[in-house]
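See structure below.
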Amino acid sequence: MKNKCHLCHILAFLSFFYCFTASIFAQGTAPAPQDLLFLQDFSTLDAASATYPAGFQGWTASTAPGSTFNTAAAVVTDKPLVASSTAATTSGNFHNYNGKIGFLNTGSLDLTLGFAFKTLGKSRITVEYDAMVIRNPYNGTSNTRINEFVLQYRVGTADAFITLSPTVYSSGTTGQTSGTIGQNIQKIKVVLPIECDNKDVVQIRWISRQVSGGGSRPSFAIDDISVINDVTAPVNAVGYPKISSILSDGFDFSTKLDEPGKTYFVLLPSGSATPSGAQIKAGTNATNAPALQSGILEIKDAAIESVKTITGLSLGTDYVLYSISEDATGNTQTESNLLNITTSSVLVPSLSTTKAALDFNFVEQNFSSTAINYQIEALNLTGAVTLTTSGNFTISKNQSTGFQTALVFASQDFNNNTTPTVYVRFTPTTTGLFSGKITHESTGASTKTVSLSGTGINPYFQNFNDVNVLTNSGWTEYSVAGGKSKWVSTTTRFNSSPAAVQMNGYSETGASKDWLISPNLRLDTFDKFPLLSFYSRKFFAGTPLKLMVSVDYDGKSTPETATWTVLEGDFPSITGTFKQSQYINLEAYKTNHTYVAWVYETSTSGGTDSAEWTVDDVKISNEASFLASNPNFNFGEVAPNTASTSQSFVFMAGGYSDITVTAPADYQLSVDNSNFQSSVAVSAADGVAGKIIYARFFPSSKALSISGRLTAVGTGLNQEIGSLSGSSLPKTETFDIVTYNVEFFGSNVIGATGTEFGPTDDALQIENVAKVMNTLNADVYALQEISDDAALETLIQKISVNGKTFAKVISPAWSYSFNAPTPDFPAQKLVVLYNTQTSSVKKSRVLFSKLFDDIRAGNATLPNYPGGNSASFYSSGRLPQIVEIETNIGGVKKDIKIINIHARANSGSDIARYNMRKYDAELLKDSLDVNYPEANLILLGDYNDDVDESVIAGNPSSYQKMVEDTARYNPLTLEISKAGAFSYLSSGGFLDHIIISNELMAEYVPNSTTVYDPRLDVANYVNTTSDHGPVIARFQLKTNTTLSTNDLISTTKSTVVTYPNPASESFTIVINSGNTKDLKLTIYDIQGRSVGVPIELKGFNSDNTTRIDVAHLPVGIYIYTLSNGTKVVFKDKLVKK
C-alpha cells in the first residue's frame, strides 16, 4: 500500500468475538403461586405497562438458545417486561405486545416465561392458552430461521422442568415485522400429569428452541390463558339420550355429549328399581343381577351421535333403559338417564344391514375401487325394498357389473330369511374426502342408512404438507424393527413449506427398520416413461436410506413378505441440505400394482449409525424422454500432458435414439476405461438400461483451472450436462494460504445449558480437519477457534505428511484471556500453521495489545466507541494476530505479513454488535495504512460479516472502507461473494474472507480464491467438524519488485519515470540506466490479471523513452512491472482516469 494519506483516527484496536465471562448471575425470582381457577386474557394490562401480571415472571434460562428445549432446574436471572413492543421491536427481551405477553431470543439470550400456581385439594389440572408469533422476519433468503415454542412444568421450585411434547408450536414461514396482531394463533390445551395434583407449588413455563435456518429470530407470545381443575361431568346434547325405530323386537338407542367420553347403559324390565351409576357401569340392576342387556357407547367426536341397535326383545312388552355418561378424565354424571320403551304389539316391517358404515380408504382419482359388500336383513315386509345412493358411490347386485345409483329388491328376495348382498364402489373424480350414504326404504319400515366414506388420492404426486399424510393419503409407514421411532410428519425440516416426512432412529433401544410406502401405483396406465423424482435430506451420521420397488406387495401386510428391488436413489452426500433425485426410470415395473418405498435401517441406535432422513415432494410423471445423468467431477491437480485417474458415472437417457456424449477440451471419455477419446456413442437401449462412462483429465497446458461440461447429442437432444474441472498449475509452484474457522477445535467444555461447545467427538473432528487440510495442500493456514492445545498438536502431526512439516504460532490474546479460564466457556485462540519447507516465521505479535492493556487499566479510551465501553474492543480482547513470514517457493523468497482475524460475532439483527465490529475494522485499516504502507499484507480470517454487504440486512459491510480503498487493498473474496459463494455452512452466509494489499496484486493467481466445501468429502461435516468451510487463495510469487543494488536496474545508476500519471490516453515511461539488458513491461488490473500484450523494451546505455497506449483500458487502478526474463525488477502503480 503506498502511503498516500494521513492517519484518520486515533490508533486503537482491541479484540473480536463476544465471549462470556464467568460472571455469577443471581437466581431468578419464583413468582407467587396463584389460586385456581385462574383466567388471564391480559385485557387489563396496559400496553405501556412494564409490570408482569400476578403469577408471571420472565427469566433468562441460559446464555445461548440451543437446538433442544432447555430443561435445566436453575434459571440464570430475572428479566424485566418491556412496554409498548411491536413486531418491529428487535431487542432480546420479554415484551408487552398490547394484550399479549411474549419474548424474543438472541444468540446470547435464551428466555423463558414462567407462571406459578397451587393445586391443593385439586386434581385433573388443565392448562389452555393461545400460542402465536408476533415478530417473524422469515423471508426465505437471509432470514430462514424456524423456531419452536413449548410448555414445560415442574412440581415445586427446585427440580428440572419437563417438556410437554403435545404443546409444541412452530413459528412457521409467514413473515411479519410490524404491528401486534397475533399470527398463526393456535389454541393449545393439555392436562397436566397426576403428579401436579394437590401440590403447594406447580410451575409452568414457556420456552423455545432453534430448529433450522439462520438469520433473525421470531418472537412468540401467549394470550387467553386458563388453568383449571376439570371437575365437570359431560352434558347430554339437547334431545339425547333418545329412543327411535321401535319395532316388535327391538329399537335404536342414541346418545350425544358435549365432549368426548363414554355412555354406559342397562336394559331392564319395566318397573325395575333404579340402579346406581356404578351398577350401570357394571351392567347390573339395583340388586347387582345382570341386566337384560348392557353396553358402552364410545363418543370420540362430540359432534356425532352414537347409536346402539337393541334386538331380541318380546312383542308388545314394556322396558326401561338407564344410562350414565363420563368424560375422558373420569368426571361422571351424578344422575342417570331413564328412558321407557314399549315394543310394538304388532309385527312391524323392519330393515337392518350387516354394516352401518363402509370406508373405501384411499382410491386413485378417476378410478373405481374394488367393490365392498354388505347384506340386507328384513322382516315382515309388505313391499319391495328400494336402495338409493348418489355422487361418487354406485351400487349393484353383482360384484363386477351393473353399478348404478338405485336398486330394488322384491319382498320375495327376503323369503326364508334370505339376506341379499349389495356391492358398492367408490369412484373419486378428484382428490380429497368424499362422503355419502345408501338409504334403504320399504313401506311401513323405518328407513335405514349405510354411511359411505372414501378419500380420492393422486398417488403420483405428494408434497406431504398435511401433518396427517400417513393416515389420510394412502401413504403408509410400517415399522419392522424398533418400536419407539417411525416415519412421521415434520414441520421443522421440509423442502416445500410447511411439512415433510421424517425418520430418526437415534432414540431407539436397538435396531431400526422402518418403511415409507407409496399408495398403489397403476404404472401400466403410463404410455411413456414413468419417471420418479423426490427431495431428500440427511442429517447426522448414519447408514444411507434405500429406495425400493415391488410389483407383488399387497399394500396391507408387512412389506417383508413381498419381493423388493433396490433402485439407485441418488441420495444426498452432503448433510443438512435437500437434494432432488430425478429421472428414476420405473419402466421395468409397469403393472397395475406397483409400490415404491423408502427404507430406513440401522443395526444399532444412537452413536454414528442413526442418521435423520427427511423425504419431501415425491412425483411420478409420464414423460416421452429423459436425460438422467449429471456428473460433477473434480480431478484435482494433474501435470500437463499427463492423464488423471478416471472417474465413472452411469449415463441414462431415453426417447432420443442413439446418443453421442462429447467431452470438453482437455478431457477424455471411454466406455471400457481403456480406450479414451473425445466422445463416446451410447445406443438407445444402453441409454435406457444405463451405460457406464469413464472420464479423465488430460491437460495440454498449464492453467489454474480447466473446466467444462459434457455435451449429449441425439434425436431432439443437444444438451450440456454435468461439470468436469481440474487444475494443471502445480502447488509446488505457488504459495497457497487458507483461512479456516474450526469451531471450538478440541473443546470439551460444557456450557451453562448443559451442551458441549462445538463437535463432541474430538478425535473425529481432528481427523476430519486434517483430511480437509491435506486435500487443500496449502502452505499456510490461518485458524480461528482453537480451544485445545493438545488437539492442535495432534492435528499438526496429521498434516505433516508427504514431505511437509508444519509448525505453529499461537496468539496469546483471545476474548477475556486476561482473566482466569472459565469453566463453562472455552478459549477461542488464533493460530497460524505454516509448512517449514516453504515458509519460515520471522516474528509475530498481537496488534493493539498495548492499547488494550491501557484501556483495561483506565489509561486510554476509544473515542465514540459504540456502546461506550472501550473494553469491548475486538470482542473484549480477541485482537488480530500478525505473523511475518518469509516464503521460499522454488527459490523465490518474499516477506509477507499475515494478519489473522476473528471479528466480533453477530447476534440476530443486533445493530450494536455490527457497529462495534465496523469500528474495530476501520481502526485496523487506519493502523495498517500508517504502519505498513508498503508491506505485503494478507488479511484473512473469520470476518463475521460479508465484504459485499453486511449480513445485518440493510447495512453496508463492516469492512466497506477497506473494500472501497482499491488503491491499497484487493478483497479477493468480493467477486465470489457477489456470485453467491458462502463459507458459513450452517446458514449460507459468507463470513470468512481474504483481503490483500496492492503489493501482492500482480502475484495473485487470478480466480484462485475459492471456498472449499468439505461436505462433499466428510460425512455430517457441519455437526462433526465445523460450521465453517475453508477459503483458499494462491499466489505465484516473484522476486522483490522494488529497486535494489542486486536488480538489473540499480538504484544508484537508474531511474524510472512515468508521466502523466494519472493518464487518460497514454503515458510515457523513461528508463535512465547504464544497463543494456532488454526489459518487458506488463500491466495488471486490480485483480492481478494481465491486460493486453507485454511490451518489449530494448536496452540502452542512456535514456530509454517509450510511449504506452492505455486508451483501451477502463478507468481504474493498475500495476505495471518491468522484468528481465522471469525476474521482476521494478513495479509501480498507474491510474487510468
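The values are calculated or read from the model by the stated rules, or taken from the named source; none is laboratory data. Being a predicted model, the structure only gives us computed values, none of them experimental. Cβ sites come from the backbone with ideal geometry, for glycine too, and all protein chains shown count toward neighbours.
Quick look at the values:
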quantity	calculated
Leading residue by the ranking (surrounded by the fewest Cβ atoms within 10 Å (Cβ to Cβ)) among those in the stretch 586-643 that are over 30 Å from the mean Cα position of the chain (by Cα) and of a type in the set (Val, Ile, Thr)	THR642
Out of CYS5, CYS19, sole residue that is closer than 30 Å to LYS925 by Cβ, under 32 Å from the mean Cα position of the chain (by Cα) and either surrounded by 13 or more Cβ atoms within 10 Å (Cβ to Cβ) or at pLDDT 95 or above (or both)	CYS19
Positions within the stretch 669-714 being assigned to a strand (DSSP E or B), surrounded by fewer than 14 Cβ atoms within 10 Å (Cβ to Cβ) and either among the acidic types (Asp, Glu) or within 36 Å of the chain's Cα centre (by Cα) (or both), in sequence order	ILE692
Subset of the stretch 462-484 [under 20 Å from the mean Cα position of the chain (by Cα) and either within 22 Å of GLU560 (Cβ to Cβ) or surrounded by fewer than 20 Cβ atoms within 10 Å (Cβ to Cβ) (or both)]	ASN463, ASN465, ASP466, VAL467
Residue in the stretch 166-173 that is in contact with a strand residue (DSSP E or B) (Cβ under 9 Å, 6 or more places away or on another chain), more than 25 Å from THR753 (Cα to Cα) and either in the same structural domain as VAL211 (by TED's automatic domain parsing) or touching a residue at least 40 places away in the same chain (Cβ under 8 Å) (or both) present	yes
3 or more residues surrounded by fewer than 22 Cβ atoms within 10 Å (Cβ to Cβ): qualifying strands (runs of 3 or more DSSP E) within the stretch 493-548	529-539
Check on LEU313, at pLDDT 95 or above, more than 30 Å from LYS122 (Cβ to Cβ) and assigned to a strand (DSSP E or B)	no
Flag if TYR583 is within 18 Å of the chain's Cα centre (by Cα) and assigned to a strand (DSSP E or B)	no
Segments classed as strands (runs of 3 or more DSSP E), wholly inside the stretch 168-259, with at least 2 members that are out of contact with any Cys (no Cβ under 9 Å at 6 or more places or on another chain), under 30 Å from GLY66 (Cα atoms) and at pLDDT 90 or above	183-191, 202-212, 219-229
Count of the stretch 90-126 residues which are modelled with pLDDT of 95 or more, part of a strand (DSSP E or B) and crowded, with 22+ Cβ neighbours inside 10 Å	13
Conditions (1) surrounded by 20 or more Cβ atoms within 10 Å (Cβ to Cβ); (2) assigned to a loop (DSSP other than H, G, I, E, B): number failed by GLY454	(2)
Residue match in the stretch 782-798 (condition: in contact (Cβ under 8 Å) with a residue 12 or more places away in the chain, out of contact with any helix residue (DSSP H, G or I) (no Cβ under 7 Å at 6 or more places or on another chain), in the same structural domain as LEU833 (by TED's automatic domain parsing) and polar (S, T, N, Q))	yes
Scope the stretch 564-582; condition touching a Gly at 6+ places or on another chain (Cβ under 9 Å) and either exposed (fewer than 15 other Cβ atoms within 10 Å of the Cβ) or farther than 27 Å from THR491 by Cβ (or both); matching residues	GLU568
Of all residues in the stretch 639-650 being part of a strand (DSSP E or B) and free of Cβ contacts under 8 Å to residues at least 60 places away in the same chain, the one that is farthest from PHE698 (Cα to Cα)	SER648
Criterion (loosely packed, with under 15 Cβ neighbours inside 10 Å, within 26 Å of the chain's Cα centre (by Cα) and either assigned to a strand (DSSP E or B) or at negative phi (or both)) met by exactly one of THR51, THR68	THR68
Test: residue in the stretch 606-629 that is closer than 30 Å to SER701 by Cα and either outside any strand (DSSP E or B) or in contact with a helix residue (DSSP H, G or I) (Cβ under 6 Å, 6 or more places away or on another chain) (or both)	yes
Any hit, the stretch 377-385, residues being out of contact with any Ser or Thr (no Cβ under 9 Å at 6 or more places or on another chain) and assigned to a loop (DSSP other than H, G, I, E, B)	no
Residue count, the stretch 1085-1122 (criterion: of a type outside the set (D, E, K, R) and touching a Phe, Trp or Tyr at 6+ places or on another chain (Cβ under 8 Å))	12
Of the criteria (1) more than 17 Å from ALA302 (Cβ to Cβ); (2) at pLDDT below 95, which one ASP327 fails	(1)
Candidate set from the stretch 400-451 (those that are over 26 Å from PHE362 (Cα atoms) and β-branched (Val, Ile, Thr)); member that is modelled with the lowest pLDDT	THR447
Yes/no for TYR595 being assigned to a strand (DSSP E or B), of a type outside the set (S, T, N, Q), in contact (Cβ under 8 Å) with a residue 24 or more places away in the chain and farther than 30 Å from VAL1022 by Cα	yes
Residue satisfying all of: in the stretch 854-892; without any contact (Cβ under 8 Å) to a residue 24 or more places away in the chain and outside any loop (DSSP other than H, G, I, E, B); nearest to the chain's Cα centre (by Cα) among these	GLY868
The stretch 374-400, residues that are within 13 Å of ARG425 (Cα to Cα) and either touching a residue at least 60 places away in the same chain (Cβ under 8 Å) or surrounded by 15 or more Cβ atoms within 10 Å (Cβ to Cβ) (or both)	TYR374, THR389, GLY391, ASN392, PHE393, THR394, ILE395, SER396, LYS397
Subset of the stretch 1084-1134 [in a loop (DSSP other than H, G, I, E, B), touching a residue at least 12 places away in the same chain (Cβ under 8 Å) and over 28 Å from ILE995 (Cβ atoms)]	LYS1098, GLY1099, PHE1100, ASN1101, SER1102, ALA1111, HIS1112
Pick from the stretch 698-717, criterion hydroxyl-bearing (Ser, Thr, Tyr) and in contact (Cβ under 8 Å) with a residue 60 or more places away in the chain, ranking: farthest from SER648 (Cα to Cα)	SER701
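Quick grid of which residues meet (1) surrounded by fewer than 24 Cβ atoms within 10 Å (Cβ to Cβ); (2) closer than 20 Å to VAL883 by Cα:
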| residue | (1), (2) |
| --- | --- |
| LYS731 | yes, no |
| THR753 | yes, no |
| PRO759 | no, no |
| ASP762 | yes, no |
| GLU767 | yes, no |
| ALA778 | no, yes |
| TYR781 | no, yes |
| ILE786 | no, yes |
| LEU792 | yes, yes |
